[in-house]
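A.B. asks: Pasting in a structure now, in structure tokens, and then I'll have a few things to ask.
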Amino acid sequence: MQQTTESVRFDHVYKAFVARGSEPVLALRDVTFQARPGEFVSLVGPSGCGKSTCLNLLAGLDSPSDGTVAHDGDPVHGVNTSVGYITQEDNLLPWRSLRGNVELSMELRGVPRRERRDRAQEFIELVGLAGFEEHYPHQLSGGMRKRAGIIRTLVYDSGVVLMDEPFGPLDAQTRVILQAELLRLWERSRPTVLFVTHDLVEAIALSDRILVFTGNPGTIKRDYRVDLPRPRDPFHIHETPGFGELHDALWSDIRVEIEHARGVS
Amino acid sequence: MTLLATTPNGTPHGLDRGAEVLAEAGAAQRRRRRRERTVRWAGTVGLGAAILLFWQFGLEYLVNPRYVSDPLSVAGRMGELAADGAILTHVGVTLGEAGLGFLIGASAGLASAFALAQTRRGYEVFEPFLVGFYSIPKIALAPLFIMWFGLGSTPKVIMAALLVYFIVFVNTATGIREVNPGLLRVCRVFGARRRDLVGKVVLPAAAPAVVASIRITFTRAIEGAVLSEFVASTQGLGYLVARASRAFDIATVFAGIVIIAVVVMAANAVLRLAETRLLPGHHGGRVHG
């Protein structure tokens, strides 16, 4: 595959963390993978295996100790403002209304007020939050805050979206509803997505590919292709032919890693 | 597999008691609240009356009645003070000193906290000195200030400013340092420059702690002014109380104390109102002091 068609490229990436008063820890070891434009890639693996570190490297919030992290062919140096970054906590500004929060990213990028307003409104309506524009985050439910956090990132159409366990703290029903909404939003503009999750069903329902990480230090153990047809319906994903085998294979890969991580620590 | 599920036979629509049940629950809740309010008021008024009655009739058996006066004499004395108008001058002088000291102390506290919070190292260098000054009971400095700045209002203003300064400084610096790092990271990826981060994230995030600390420190400003007036002065509420106590005019001492309490409570009420108006999205910040 030619280098230029890759949206994301990790090339023999190592990352060491030095915490004060303790020995340096290797978080990532020789991590190499690529993602094509528009590919939805999930990163799964035991806790603390460096999945989130991968996202931080691509966002430029951290730099690799060795190797190269590239976005659209260019190595990442410093904060990479051409990605979208969605964290597990919704990280909304509590003193801004829903509308103000959705407009924030565009405001920081200098989008004119008029256009900001229109685009924000379009996305707010798209996820069914119309009527809540002037509500503050503490007046919204967990699911609504999550929607707000997602659309304020998707609203500026970045080519790559990083999502770090975005649905982690939600209840099971809300999770599935939001997975369906995320797929619907993703189909609109088809950005490349790196999606960290612990939920294998979620990973299968959303992804084109699933990277299974080992723990301690994090390396890529296996690279699964998810060949289930799109558009997908997260409510019925279990019934799709092929789901069972894929889930079993993922689970047996992961279980070894979790047991291993427990034995080591 | 067949679905094994049934729909329970509900009451026919006309007989549904949902609305009535809701109305009854609402009415019961209102009754309960009214009753609670009555009990609370009765308790407060009763306790207040008991204290005043004990002061009027019982306290003389515990301490020398010459030094505690009694509520009726104190009330009478307050009436006299109000009538001759001199009290307004004293209140005005004390409030003026406290207000000026408050403004100086609060703005200096804000400015230096923002300056130091820009760099973590800067804060670490200054911290031991701040802790040291913070540990001094400021009132011990009052006699020095009077020697340095005379009997006028300057030493009172300085004392008030000093008491305010440290509380505002510590709370502002803490508020700035405790800004959720996740917010900062997300905003940096959104393309925020340093100026944006300070203006759109750090300042608003620190605002509740800052505003709450500013509110509670007005009391401290009045305290600083009154205490300095105690030490040496020619007017003000502290002067009124100190002069009366040297003359064993106990009714005036108590009258002065009550007036100070009323002034402080009124100032707090005004500031609390201003706080809720200024920061509608918040529920009051935590205050370190």
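Please treat every number below as a calculation from the coordinates, not as lab data. Note that the structure is a prediction, hence the values are computed from the model and not measured. Cβ coordinates were reconstructed from backbone atoms using ideal geometry, including for glycine residues, and neighbour counts include every protein chain displayed.
A.B. asks: Which of B:PHE54, B:THR38, B:ALA27 sits closest to the plus end of the dipole of segment B:19-62, meaning its Cα is farthest towards the positive end, when Lys and Arg get +1 and Asp and Glu get -1 on the C-beta?
C.D. replies: Farthest along the dipole direction, towards plus: B:ALA27.
A.B. asks: Where both residues lie in the protein assembly as shown, what percent of DSSP beta bridges are antiparallel, nearest 5? Write down the numbers at each step before the final one.
C.D. replies: Details: 20 of 38 bridges.
Of all bridge pairs located within the protein assembly as shown, approximately 55 percent are antiparallel.
A.B. asks: Can you tell me the equivalent ellipsoid semi-axes for chain B? Use √(5λ) from the Cα gyration tensor, largest first, whole Å.
C.D. replies: Listed largest to smallest, the semi-axes of chain B are 47, 38, 15 Å.
A.B. asks: Now a separate question. Taking H as built 1.01 Å from N, whose amide H comes closer than 5 Å to the amide H of A:HIS135, not counting residues under 5 places away?
C.D. replies: A:LEU98, A:ARG99
A.B. asks: Using the Karplus curve 6.51 cos²θ - 1.76 cosθ + 1.60 with θ = phi - 60°, work out ³J(HN,Hα) for each residue of segment A:115-126 in order, rounded to whole Hz, and write x for Gly and Pro.
C.D. replies: Values per residue, Gly and Pro as x: 5, 4, 4, 5, 5, 4, 4, 4, 6, 4, 5, 4 Hz.
A.B. asks: Evaluate the charge dipole of segment B:46-167 about its Cα centre and quote only its size in Debye, nearest 20, assuming +1 on the Cβ of each Lys and Arg and -1 on the Cβ of each Asp and Glu.
C.D. replies: 340
A.B. asks: Amide H of A:THR32: which non-local residues (sequence gap of 5 or more, or other chain) have their own amide H closer than 5 Å, using H built in the peptide plane?
C.D. replies: Distant-sequence amide H within range of A:THR32: A:HIS12, A:VAL13, A:ILE220.
A.B. asks: Hey, can you list the DSSP H helices of chain B whose Cα span along the axis is 15 Å or longer and whose average Kyte-Doolittle score is at least 0.0?
C.D. replies: The qualifying helices are B:71-84, B:86-117, B:154-177, B:203-231, B:250-278.
A.B. asks: Sticking with this structure for a sec: Explain nothing, just the number: dipole magnitude of chain B about its Cα centre with +1 on each Lys and Arg Cβ and -1 on each Asp and Glu Cβ, in debye rounded to the nearest 20.
C.D. replies: Charge dipole, chain B, about its Cα centre: 1040 debye, nearest 20.
A.B. asks: To the nearest 20 Debye, how big is the dipole of the protein assembly as shown about its Cα centre, given +1 on the beta carbon of each Lys and Arg and -1 on that of each Asp and Glu?
C.D. replies: Its charge dipole is roughly 1460 debye.
A.B. asks: Just to confirm the number: angle between the C-alpha axis of helix A:142-154 and the first principal axis of chain A, 0 to 90 degrees, nearest 10?
C.D. replies: Value to nearest ten degrees: 90.
A.B. asks: What are the residues whose amide H is under 5 Å from the amide H of A:PHE213, where those residues sit 5 or more places off or on another chain and H is modelled from the backbone?
C.D. replies: The list, which skips near neighbours in sequence, is A:VAL44, A:GLY45, A:LYS221.
A.B. asks: If you rank B:PHE230, A:PHE235 by fewest surrounding Cβ atoms within 10 Å, what's the result?
C.D. replies: A:PHE235, B:PHE230
A.B. asks: Still on this structure: Can you work out the FRET efficiency for the pair A:ASP30 and B:SER107, with r the C-beta to C-beta distance and R0 = 56 Å, to the nearest 0.05?
C.D. replies: In this case the efficiency is close to 0.50.
A.B. asks: A follow-up question, please. To the nearest 10 degrees, how steeply does helix A:243-264 sit against the main Cα axis of chain A, on a 0 to 90 scale?
C.D. replies: Once rounded, one gets 70 degrees.
A.B. asks: In whole Hz, with x marking every Gly and Pro, tabulate ³J(HN,Hα) for segment A:162-178 from phi via Karplus 6.51 cos²θ - 1.76 cosθ + 1.60, θ = phi - 60°.
C.D. replies: Running phi through 6.51 cos²θ - 1.76 cosθ + 1.60 with θ = phi - 60° gives 9, 10, 9, 6, x, 9, x, x, 8, 6, 4, 5, 4, 3, 5, 4, 6 Hz.
A.B. asks: A follow-up question, please. Taking all pairs of different Cα atoms in the protein assembly as shown, averaging 1/r and flipping that mean, what Kirkwood radius in angstroms comes out? Mind showing how you got there, number by number?
C.D. replies: Numbers: mean 1/r = 0.0341 Å⁻¹.
Taking the inverse mean of 1/r over all distinct Cα pairs, the protein assembly as shown comes out at 29.3 Å.
A.B. asks: How many nm is it between the label spots at A:ARG222 and B:THR7, if each spot is 7 Å from the Cα in line with the beta carbon?
C.D. replies: 4.6
A.B. asks: I would also like to ask the following. For the protein assembly as shown, what is the mean residue ellipticity at 222 nm derived from helices alone (per DSSP H run of n ≥ 4: -39500 (n - 2.57); sum divided by total residues; nearest 500 deg cm²/dmol)?
C.D. replies: After summing the helix terms and dividing by the residues of the protein assembly as shown, the value is -18500 deg cm²/dmol.
A.B. asks: Please say if segment B:87-139 is rounded, prolate or oblate, where rounded means a/c under 1.5 for a ≥ b ≥ c the square roots of the C-alpha gyration tensor eigenvalues, and otherwise the choice is prolate for a/b larger than b/c and oblate otherwise? The partial results should precede the final answer.
C.D. replies: Numbers: a/c = 8.07, a/b = 2.20, b/c = 3.67.
Oblate, since a/c reaches 1.5 and b/c is not below a/b.
A.B. asks: Separate question: Using a Gaussian network for chain A with springs between C-alpha atoms less than 10 Å apart, which of these wobbles most: A:VAL102, A:VAL31, A:VAL79?
C.D. replies: Judging by the Gaussian network model, the answer is A:VAL79.
A.B. asks: Anyone know which of B:GLY46, B:GLY58, B:GLY18 comes out most mobile in the 10 Å Cα GNM of chain B?
C.D. replies: Per the Cα network of chain B with a 10 Å cutoff, B:GLY18 tops the list.
A.B. asks: May I pose another question? What distance in nm separates the simple spin-label points at A:ARG109 and B:ALA19, each placed 7 Å from Cα in the Cβ direction?
C.D. replies: Reported label-point gap for A:ARG109 and B:ALA19 is 5.2 nm.
A.B. asks: Taking chain A as the reference, fit the longest principal axis to its C-alpha atoms, fit the long axis of helix A:98-108 to the helix C-alpha atoms, and give the angle between the two in degrees, 0 to 90, nearest 10.
C.D. replies: Around 70 degrees separate the two axes.
A.B. asks: While we're looking at this one, here's another question. So for the protein assembly as shown, taking the charge dipole from beta-carbon charges (+1 Lys/Arg, -1 Asp/Glu), which of A:SER189, A:LEU104, B:ALA221 sits furthest toward the positive end?
C.D. replies: Checking the options against the dipole of the protein assembly as shown, the answer is B:ALA221.
A.B. asks: What's the tally of Lys pairs in the protein assembly as shown whose alpha-carbon atoms lie under 23 angstrom apart, where the two lysines are 8 or more places apart or on different chains?
C.D. replies: Within the protein assembly as shown, the lysine pair count is 6.
A.B. asks: Quick one: among A:GLU202, A:GLU125, A:GLU39, which has the greatest mean-square fluctuation in a GNM of chain A with alpha-carbon springs under 10 angstrom?
C.D. replies: So, out of A:GLU202, A:GLU125, A:GLU39, the one fluctuating most is A:GLU125.
A.B. asks: Still on this structure, I have one more. So what does log10 I(q)/I(0) come out to for chain A at q = 0.07, 0.10, 0.11 Å⁻¹, using the Debye formula with one equal point on every Cα and no solvent?
C.D. replies: So the normalised log intensities work out to -0.25, -0.52, -0.63.
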